[in-house]
1. Convert each backbone phi in segment A:262-270 into a coupling constant with the Karplus relation 6.51 cos²θ - 1.76 cosθ + 1.60 (shift: θ = phi - 60°), then list the ³J(HN,Hα) values in order as whole Hz, x for Gly and Pro.
2. Which percent, to the nearest 5, of DSSP beta bridges fully inside the protein assembly as shown are antiparallel?
3. Can you tell which of A:Phe576, A:Ala431, A:Phe76 lies farthest toward the positive end of the dipole of chain A, using +1 and -1 charges on the Cβ of basic and acidic side chains (Lys, Arg; Asp, Glu)?
4. Just to check I understand the Karplus step: with θ = phi - 60° and J = 6.51 cos²θ - 1.76 cosθ + 1.60, what whole-Hz values come out for segment B:76-89, glycine and proline as x?
5. For segment B:226-305, what is the relative contact order in percent, using Cα pairs closer than 8 Å and at least 6 residues apart in sequence?
6. Over segment A:568-641, what is the mean sequence separation of C-alpha contacts under 8 Å (at least six apart), divided by residue count, expressed as relative contact order in percent?
7. If packing is taken as the average number of other Cβ atoms within 10 Å across a peptide's residues, how do A:89-99, B:72-82 rank, most packed first?
8. Using a 10 Å cut-off on Cβ to Cβ distances, tally the other chain neighbours for every residue of B:229-240 and report the average as a whole number.
Amino acid sequence: MKLSSALVHSLTLCIFMVTLPHAEHLPLWITGLCAMLLLWRVYLTQTNSALPKRWLLFLITLTGVAAIAAHYHTLFGREVGVTLLMLLAVLKLLELRAQRDAMGLIYLACFVIITNFFYSQSIPTALFMCATLLVIVPTWLRIQAPSLNLKPQARIAGTLLLQALPLMLLLFILFPRVQGPLWGLPQDAYNSTGLSDSMSPGSLSKLSLSEAVAFRVSYADKAPRRDQMYWRGPVLWNYDGRTWTRGTTGYSNPPRFTDTGQNISYSVILEPHNKRWLYGLDTAATLPNGARMSTDFQLFSAEPVNARIRYEMSSNLSYHANVDESPSQLHRATGIPARLNPRTIELAQSWRSAHSSDQEVVDTALRYFNQQNFSYTLEPPLLGENSVDEFLFGERKGFCEHYASAFVYLMRAAGIPSRVVTGYLGGEFNALGNYYIVRQSDAHAWAEVWLAGQGWVRVDPTAAIAPERVARNLAASLKDNAALPFMARNPPQWMSKLRLNLDAWSNQWNLWVLGYNPERQFALLTRLGMEDVSWQKMARNLMLGLALCIAAYALFMFKHQLQRHRDPVQTTWLKFCARLAKAGLPRAGHEGARDYAERIAQARPAAAASVRDIAARYVSLRYGRMPGTAELIAFKDAVRMFKL
Amino acid sequence: MNHTLHNVIRQVEQVIVGKPLQIRYALACLLARGHLLIEDLPGVGKTTLAHVLARTLGMQFQRIQFTSDLLPADILGVSVYQRDSADFKFHPGPIFAQMVLADEVNRATPKAQSALLEAMEEQQVTIEGVTRALPNPFFVIATQNPIHQIGTFPLPESQLDRFLMRIELGYPDAQAERGLLSGLDRRDLIARLAPQMGSAELLALQLQVRQIHVSDALLDYVQAILKHTRTTARYVHGLSPRAGLALLSAARAWALLDGRNAVIPEDIQAVLTGVAIHRLQTTQDSQNSSAEALTHELITAVPIP
């Protein structure tokens, strides 16, 4: 049987829709090849031409596979697997000959849907995949029932999908989960942005342009003040005159906090960033499960964060940290490269000799930033070899990394132990979900100095130049904020409201759909009243639920049939027809009682009279005017007595 | 079967040989108070059928030959000034007859056609502000010539809907044609026919048709047919509710012709060709199928509930 061109077109559309999202990350030549093959197929259908010969298809397939192997240097792995699948799905379209091929393509299209979730599991992706189902299912129906019009087709497809919904929910809730993903996704699955373990002029200001979410926080009770929301990330010790790096950090000397207070607990949903840092408010009191704290108070997870994770922790907002810091660490915190930035060193030493206490030197430095006409900008000028000198005495324009860097340099030159801390500051409150969104644009750098008797103290030089950065947000602190992305400036209110709405949705999605792990499953099932949850029990309940669903559908489907058979006249008549059918004379569905009786009478003259009689009784009972019970009984008797 | 009806059919069959089904269709159409459209080549006996029917049923008969210069007044009538009485006197047109044969209706302009079709629909005509009722019973047989369509105005689909049935006569079979050729002249034959019933009797029969019983089970069947035509991709448009009504009233008349007082599915199937098929537009690939093949296809596709 030749497939109709309408069917081929909708099959082409199915394949086009399921492969479309892959165009974003597949090599350009594969995307181009697939597009060309699809267009070729559309052209062949339009012009009603013959399909390409088998040897030609074989040649294209072979060349394609060889090219893919050459491109990736392998034929295994996720990337290659998906690419091959795309190519073969599109090629399959070119050898649609029988209904069997069409069915195969439908299954293939359903399978390709899954591969899209390797790359993105966001709400838009899920919605788009639902939309592809709305094309695939009617196409499948078109194969099964080609005579149906578009409207009933859409109605039936909708009903089918709606019927699948409870089954889907059951499977989602009850299917036993395993810890971690079923198969490990390779490292290259994530190209995420975030803080790194080094900082050079421009690195943070570049990061500030990204609107990507770094993490979301919800506080157990009251949120802290904005100027306390310092999320600690990488701590940088070593400076080579241009770039700050972490150096080596160990766990050998655990941090010692004294005089702690203002405990606050919260949970964080951290987006994958491929590094091991976990972010917490200064400074962590109880650590997330499996996390460790380094000597300089950084939090590390055991593995790089390459999937979205959620953790609970608490912090003390007031503290004295490492009042008895080891001399080696203090020595490490005063190193600066020799022969660079002579004017800065001169200035620091003049402060040093003018003031006796370290605190006074710190204050002098902050005053200096505040009063010497420094400005805060996202577009700082480029700096040369003596970058700190040029910054402090030349342009005096910079972003937070410039200030933190220059400040720490000044402190070290004055002999005060200090280090650069990078992380995030503040966040945007989402009233809809009652949580804070911290974006890459909230990335920040500040300084920590060690003062005798107080330990490590946070000093934010940016606050001396642009206090709004700390009190409000980045947009408020930049005078000319044209360089910022549109949404980070001051967008119209409805737009920021919409964005918060969408973010609240995706937060729920992350929490309940993507983050539905064994713990959450356990918690939900316990709350639903299931006792001692085990996978055996879940599997049993799952089977039971599925069976119940299917039984309910079956019952619903048979209801019509049951209703029809409740009519005694029709029941008796169908019984009569069934007996004749057994004798080799079945009634065609469209055959009326009288016509049927005539046919039987022709075939079996002996039974002609009784068959005609029964048919006449049936006709008058079913189509006649107000038949009585006596007629019904007579009809039933006649059928019972009937012998062929 | 009703004795009078039986006589009617027998008498008509004497003149129109070999066309029993078409005769019953025409009669059913008349009994159901619908109008009939015959579409066929010239010379197959369209006019004769109309003549014989009128004669046998005792109806006044008028024939209007439609031409391209036919005006509505030629159909409906016209008022003419009378010198002696100094006022206008209405001269009724040929439409004022119990049976009207509108011959080659597609030759006239749409204006003349619509005058006829309006009269059919309303069973009354309005001329110069005065509404005049048409006789009762009133029956129109229109004929349409499917070839030589140059310079004609074929009735549009919407106008075709005004006719209860559309039938084709076709050539007679060899035996019937033999009888036709060897027999007497048709005109002499018709002149000799005696009316088998009067107007009053015909009106009573029409009333009887309307009282034929239609059960719920049968309505289920009709609805199943309508639904099938609307849901399959075979047809451009499904049957309209008006088509459903036409199907029922034609089936009622068919049941009466068969001597029953209730409609059965076989009646619906019997009138389907005449009533429904010309209202269905099939999709391209089946344009050349015959009406019989289409009917068969539709009937077998819908099981009787």
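1. Calculated HN-Hα couplings, in order: 6, 6, 9, 10, 7, 10, 10, 10, 9 Hz.
2. Working: 65 of 85 bridges.
The antiparallel proportion sits near 75 percent.
3. Of A:Phe576, A:Ala431, A:Phe76, it is A:Phe576.
4. Result, ordered by residue: 7, x, 8, 8, 10, 6, 9, 6, 5, 8, 6, 8, 8, 10 Hz.
5. Working: 69 pairs, mean separation 25.2, N = 80.
Normalised by residue count, the contact order of segment B:226-305 is 31 percent.
6. Numbers: 51 pairs, mean separation 22.7, N = 74.
Computed value for segment A:568-641: 31 percent relative contact order.
7. On the way: A:89-99: 17.9, B:72-82: 16.1.
Ranked from most to least packed, the peptides come out as A:89-99, B:72-82.
8. Numbers: counts 0, 3, 8, 6, 11, 2, 2, 0, 0, 1, 0, 0.
Average neighbour count from other chains, rounded to a whole number: 3.
Just so you know, all these numbers are worked out from the coordinates, no wet-lab data involved. It should be emphasised that the depicted structure is a prediction, and the values quoted were computed from it without experimental measurement. Cβ atoms come from the backbone with ideal geometry, glycine included; neighbour counts cover every protein chain shown.
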